[in-house]
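All of the numbers you see were taken from the coordinates with simple rules; none came from a lab. Small disclaimer: the values here were computed from a predicted structure and weren't measured. Cβ placement follows ideal geometry from the backbone for every residue including glycine, while neighbour counts extend to all protein chains displayed.
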Amino acid sequence: MSDTVQELSERFRELTGRNPDGVWSAPGRVNLIGEHTDYNEGFVLPFAIDRRTRAAVGLRTDGVIRVTSTFDDTPVEFHLSALDGARSEGQIAGWSAYPLGVAWALGQHGADLSAVAGVDIIIDSTVPVGAGLSSSAAIESSVALALNDLWSLGFSREKLAKVGQLAENEVVGAPTGIMDQSASLLGATDSAVFLDCRSLDATVVPLGLAQAELSILVMDTRVSHSHATGGYAERRAACEAGAAAMGTSSLRDVSVSDLDRAQTLLDDVTFRRVRHVITENQRVLDTVRTLNEEGPLAIGALLDASHVSMRDDFEISIPELDLAVETARANGAIGARMTGGGFGGAAIALIAHDQVSRVEVAVKQAFAARGFTEPVTFTVTPSQGAERNSAQ
Ligand code: ADP
Ligand code: MG
């Protein structure tokens with residue numbers, strides 16, 4: 001990464017005429033298991049990946065925040081004390097809503113935006129956008145960590161995750177949970193982040209992929225999904241209705257031992273939606289326990305069962321995702337599942353290092369045979385979370 005850090009610093013010098021005060025970076029993420037459990041106050045197990053967003057940041061003396069990205073050379077700037085008003089009036093839009101939203105959200109969490117120094121921020125990234133790897137959390141987390149350091153705020157990483165989520169919810173306008181920011185800020189090398197979405201307690205869980213010589217292959221179907229579609233809202237509504245019918249505010253309070261009761265109380269579709277969430281929560285707990293006790297070679301069946309549950313009970317898979325998962329398994333993957341919200345996006349497979357290219361070839365052939373768009377496949381390595389990469 002040092003070359004890129006130097007290149008970004010050089011770019012900062014070209015644009016501002018001075019050195020940045022530092023370069024910070026934060027990763028995208030993949031969710032290993034625990035899908036549609038976050039908004040049910042359940043469990044998720046994402047990990048930070050080796051694709052990162054970098055932010056070169058330098059202090060200014062005039063209280064202005066000025067952001068530029070390799071997306072768009074045109075700088076966007078506001079006086080920090082004017083951010084709140086600009087947000088209320090809907091003047092913060094497009095990609096700059098992520099970094100500006102983070103500055104605003106730091107203010108909401110107690111930073112005094114009228115007292116801190118202004119900043120120049122230049123952003124670059126190797127996290128593909130819209131591939132389900134959370135380029136949005138990567139940009140939020142890199143900027144949040146940078147401003148936390150430069151403004152000497154002393155906020156914890158857990159608090160910075162909430163800052164990123166608040167920016168995304170209230171400035172970008174996306175109703176997302178806290179999983180992505182938690183993975184990006186709390187991730188560690190060869191580890192996943194076990195997150196309880198009710199208490200927000202996060203624990204780093206070693207994956208042991210390196211020692212077991214395992215890779216995680218992402219198979220991006222290139223079928224685009226949008227959380228704005230009715231499917232996502234319908235699933236959320238079914239979960240709420242199921243919880244209400246079972247006399248609770250959240251499916252977190254319902255466990256596998258309540259499934260018989262759920263079946264008598266709920267219509268077939270709602271029951272299957274509820275069964276997915278209940279069993280998926282249990283699978284996350286089982287995955288964490290299995291990783292700790294037996295290691296990653298033993299989690300394949302849990303990944304497979306998660307996919308079946310999303311395909312048959314939650315009904316959020318598509319033929320391309322099913323084909324990717326089935327082909328990976330038929331060609332030696334230890335386990336495979338779709339990951340992310342569904343209706344498109346990517347699947348992941350856990351594969352021995354030396355079987356990866358065989359699976360990639362087989363999946364591409366299978367897609368061609370069915371007349372599907374060629375998928376994009378690449379491995380991801382569980383990596384360290386957000387960090388400061390250079391002092392200058
Ligand atoms: P993802 O699944 O990748 O998180 P989102 O739609 O949540 O997809 O976030 C993608 C958005 O984040 C982009 O449309 C852009 O506004 C912003 N973004 C991501 N990476 C960058 C970048 N390098 N520079 C500027 N904006 C970025
Ligand atoms: Mg996102």
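Let a ≥ b ≥ c be the square roots of the eigenvalues of the Cα gyration tensor of region 207-380; is it rounded (a/c under 1.5), or, if not, prolate (a/b larger than b/c) or oblate? Here region 207-380 falls in the oblate category. Taking every Cα-Cα distance in region 285-392 and sorting them into 10 Å bins from zero, the calculated P(r) comes out as 14, 40, 31, 11, 4, 0 percent.
Please figure out what share of the DSSP beta bridges in the chain is antiparallel and state it in percent, rounded to the nearest 5. Numbers along the way, then the final one.
On the way: 50 of 55 bridges.
In the chain, approximately 90 percent of DSSP beta bridges are antiparallel ones.
Here region 267-392 is treated with +1 on each Lys and Arg Cβ and -1 on each Asp and Glu Cβ, and its dipole about the Cα centre works out to around 180 debye. The Rg/Rh ratio for region 22-129 is 1.03, where Rg is the radius of gyration of the alpha carbons and Rh is the Kirkwood radius. Hydrophobic long helices, here whole DSSP H runs in the chain with Kyte-Doolittle means of at least -0.5 and Cα atoms spread over 18 Å or more along the helix axis, are found at 135-150, 230-245, 356-370. Taking the fewest neighbouring Cβ atoms within 10 Å as the starting point, the ordered list for Met338, Met246 is Met246, Met338. Neighbour counting of Cβ atoms within 10 Å sorts the residues Ile33, Ile334, fewest neighbours leading, into Ile334, Ile33. Ordering Ala330, Ala237, Ala386 by Cα displacement along the dipole of region 233-392 toward the positive end leaves Ala386 in first place; charges were set at the Cβ atoms of Lys, Arg (+1) and Asp, Glu (-1).
Let me have the 222 nm mean residue ellipticity of the chain computed from DSSP H runs of 4+ only, each contributing -39500 (n - 2.57), with the sum over all residues rounded to the nearest 500. Per the formula, -12500 deg cm²/dmol. Each part reduced to its alpha carbon centroid, region 367-388 and region 256-328 end up 22 Å apart.
Shown here are the Rg and Dmax of the Cα trace of the chain, at 21.4, 69 Å. What is the log10 of I(q)/I(0) for region 152-301, computed with the Debye formula using one identical point scatterer on each Cα and no solvent, at q = 0.12, 0.19, 0.21 Å⁻¹? Debye curve over Cα of region 152-301, log10 I(q)/I(0) at q = 0.12, 0.19, 0.21 Å⁻¹: -0.71, -1.34, -1.33.
Treat the count of other C-beta atoms within 10 Å as a stand-in for reagent exposure and order Thr189, Thr74 from fewest to most.
Details: Thr189 16, Thr74 8.
The fewest-first ordering by Cβ neighbours comes to Thr74, Thr189.
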